[in-house]
Amino acid sequence: MNSYNCISNDVKLGENVKLSKFINLYGCEIGKETKIGAFVEIQKNASVGSRCKISSHSFICEGVCIEDNVFIGHGVMFINDSYPRATAQDGSLQTEADWKVERTVIRKGASIGSGVTILPNISVGENAIVGAGSVVTKDVPSNAIVAGNPARVLRFIELRAHHSDSDPVPFLDLVTPHLELESELVGVFRRGLQTAGFVGGSMVEEFEKAFAGFCDAGHCVAVNSGTDALRFALMAAGVQPGDVVLTVPNTFIATTEAISQAGATPEFVDINEHTSNMSVERLQHCLETSCGRDSHGRLISLRSGRRVSAVVPVHLYGQMADMDPILRLANQYGLIVVEDACQAHGAEYFSRDLNRWMKAGSMGRAAAFSFYPGKNLGACGEGGAVTTNDGELAGTVKMLRDHGQSKKYYHDIEGYNGRLDAIQAGLLHVKLPHLARWNAQRRDRAADYKRLLADNEAINIPYEPSWSRSVYHLYVIRSRDREGMIDHLKAAGIGTGIHYPIPLHLQKAYASLNYERGAFPVAERVSAEIVSLPMFPQLTVEQQSRVVREVVAFTSNSLQETVR
Ligand SMILES: Cc1ncc(COP(=O)(O)O)c(C=O)c1O
């Protein structure tokens, strides 16, 4: 103790700690170069990291752990017992033994504004900012800016890391968004462990409600994959074994697997050259010339003689198919429409028929979403969902996902084990509020790609009609020398993908469908030219400039070679 400060012998002070006057420290640990202002008290078993600034009049109680580089404003108050009492039940004064110390952690680089109160058992994430005067009642995610009583997330700090010109640019970064939300995601695991409610229950129901709302759909039924979502949606909508379901050949095989697993057979319709989605003209042509009526007046496929019962437009790469005319044709021919929205969480379509913007998942009889990790809304594992405005259909999907049960051990139909894990539902629910922002960031990056590449005559960039708001699950350009471009980008450390290199009608798995090469010329031509460039919400401007620079370098080299 000196004339102004009260510092007990058990305090561990790092090198160059700077202390003001009237400080009270006991049993705590302070890291090097930290500055502590006047009238600060730090209690036993509390720790403060290196290079922190603790402003005057703050109270840091037992159980608080402040990591390095943290700023604590004036008069910040920590609390470490959720249920403090002065007296015991018999009226005697409580002792230290009655005090139940709970831990609070302030992670690296966070800033806590003046006058903040932080309740016990809280974690404030890395680099987060808590606005002055807030009352923090639950965990604050990393990089979040929160304020108010109770403190709520206002926005997130843009993480624009500086990359050097030689750093690789990944095709997809799945690590950063999970680090941003780490403390909340870990909280879901904790809640799962504490309740052991691993299958079904409130975490699933709460997510279903929120996702139905996000899609402007009446119902959402969460299932264990996008493939099962599509299979269950088709079955619940009335597709029967032996039917034909029309779809496009340039989709992921899961679309046609789901059709086959529902007992039906896929038949294909070519795509629109500009949007890469189902061509309305080809669908109409198919219905008029490749289909006929059987003796009962039912629509049949002339290739197979089977009943055609449904059409599955795929909202490929995050852009919705031209739904108005597809729905009109389906209506005219009595077809069920199930949207494959597995790549299109949040995509929008301006319906000229309804005169308003519509969300993916709200237009067909039902829609299927995938929550595979790389999707715009991805689980930390497998997941999917069916959305629909038809309550009865939703009820059937609920039975299909759960062994056909209408209630426990009452199996009205034979179903499947197709439920979404409760922990995955909880994790998706943490991510869902960020989806609109992530989609907006993807759209910003797509707008930059367009601005920087639109004049390049050696490539085609994605076409977004005025009626579409794509969520750019993938950013797919076309190049005549696709392999050359991929090799060039790979040599420059830039990741790419091909979605998808072989149209489904030419896959071995579908040899029995007997489609010839040339059957779907647009899908075949496009599949030989497409390259998916890096596209994810956290793609930085610098990373994107590098991608663009290398695309331009490749196309101008190949142009010179053609001219020579
Ligand atoms: C267009 C499309 N349909 C269906 C699926 C199937 O989803 P999942 O992988 O969740 O089964 C995917 C996912 O990759 C997809 O991209």
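The values are calculated or read from the model by the stated rules, or taken from the named source; none is laboratory data. None of these values were measured; they are calculated from a predicted model. Cβ atoms come from the backbone with ideal geometry, glycine included; neighbour counts cover every protein chain shown.
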Next item on the list: Just name the residue that is modelled with the lowest pLDDT out of those in region 514-561 that are more than 30 Å from Met278 (Cβ to Cβ) and among the charged types (D, E, K, R).
Entry: Glu561
Next item on the list: Quick one: in region 282-303, of everything that is within 40 Å of the chain's Cα centre (by Cα) and small (Gly, Ala, Ser), which residue is surrounded by the most Cβ atoms within 10 Å (Cβ to Cβ)?
Entry: Ser301
Check: Got a sec? Which of Leu172, Leu179 is within 16 Å of the ligand (Cβ to nearest atom), farther than 30 Å from Asp390 by Cβ and either surrounded by fewer than 21 Cβ atoms within 10 Å (Cβ to Cβ) or at pLDDT below 95 (or both)?
Finding: Leu172
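For (1) among the hydrophobic types (A, V, I, L, M, F, W, C); (2) buried (at least 19 other Cβ atoms within 10 Å of the Cβ), each residue gets a yes or a no:
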residue: Arg480; (1), (2): no, no
residue: Ala492; (1), (2): yes, no
residue: Ile502; (1), (2): yes, no
residue: Pro521; (1), (2): no, no
residue: Gln543; (1), (2): no, yes
residue: Ala553; (1), (2): yes, no
Note to self: Let me spell it out: the conditions are (1) away from the ligand (no atom under 16 Å from the Cβ); (2) assigned to a strand (DSSP E or B); (3) not hydroxyl-bearing (Ser, Thr, Tyr), and Val338 meets all of them except one. Which number is the exception?
What the structure shows: (1)
Check: If you check Gly361 against the conditions, is it within 20 Å of Val221 (Cβ to Cβ), modelled with pLDDT of 95 or more, crowded, with 20+ Cβ neighbours inside 10 Å and within 16 Å of the ligand (Cβ to nearest atom)?
Finding: yes
Checklist line | Residue in region 520-529 that is in a helix (DSSP H, G or I), small (Gly, Ala, Ser) and more than 29 Å from Gly378 (Cα to Cα) present | finding: no
Notebook entry, point to check: Can you spot a residue in region 427-441 that is within 21 Å of Tyr372 (Cβ to Cβ) and charged (D, E, K, R)?
Noted result: yes
Next item on the list: Collect the residues in region 281-325 that are closer than 19 Å to Val338 by Cα, outside any helix (DSSP H, G or I) and of a type in the set (Asp, Glu), keeping them in residue-number order.
Entry: Asp322
Margin query: Looking at region 385-395, can you tell me whether even one residue there is more than 13 Å from the ligand (Cβ to nearest atom) and free of Cβ contacts under 8 Å to residues at least 40 places away in the same chain?
Written below: yes
Checklist line | Hits in region 223-259 (condition: more than 22 Å from Asp421 (Cα to Cα), near the ligand (Cβ under 8 Å from one of its atoms) and touching an Asp or Glu at 6+ places or on another chain (Cβ under 8 Å)) | finding: Thr251, Thr255
Item checked: Members of region 53-73 that are assigned to a loop (DSSP other than H, G, I, E, B) and either basic (Lys, Arg) or out of contact with any Gly (no Cβ under 7 Å at 6 or more places or on another chain) (or both) -> Cys61, Glu62, Gly63
Next item on the list: Considering each of Gly418, Gly381 in turn, give the residue that is within 14 Å of the ligand (Cβ to nearest atom) and either surrounded by fewer than 18 Cβ atoms within 10 Å (Cβ to Cβ) or under 22 Å from Asp322 (Cβ atoms) (or both).
Entry: Gly381
Note to self: Against the definition (under 18 Å from Gln507 (Cα atoms) and away from the ligand (no atom under 16 Å from the Cβ)), how does Glu273 come out, yes or no?
What the structure shows: no
Check: Of the numbered conditions (1) within 15 Å of the ligand (Cβ to nearest atom); (2) aromatic (Phe, Trp, Tyr); (3) surrounded by fewer than 22 Cβ atoms within 10 Å (Cβ to Cβ), Phe369 satisfies every one except a single condition; which is it?
Finding: (3)
Notebook entry, point to check: If a residue has to be of a type in the set (A, V, I, L, M), in a loop (DSSP other than H, G, I, E, B) and surrounded by fewer than 24 Cβ atoms within 10 Å (Cβ to Cβ) to count, how many in region 346-358 make the cut?
Noted result: 1
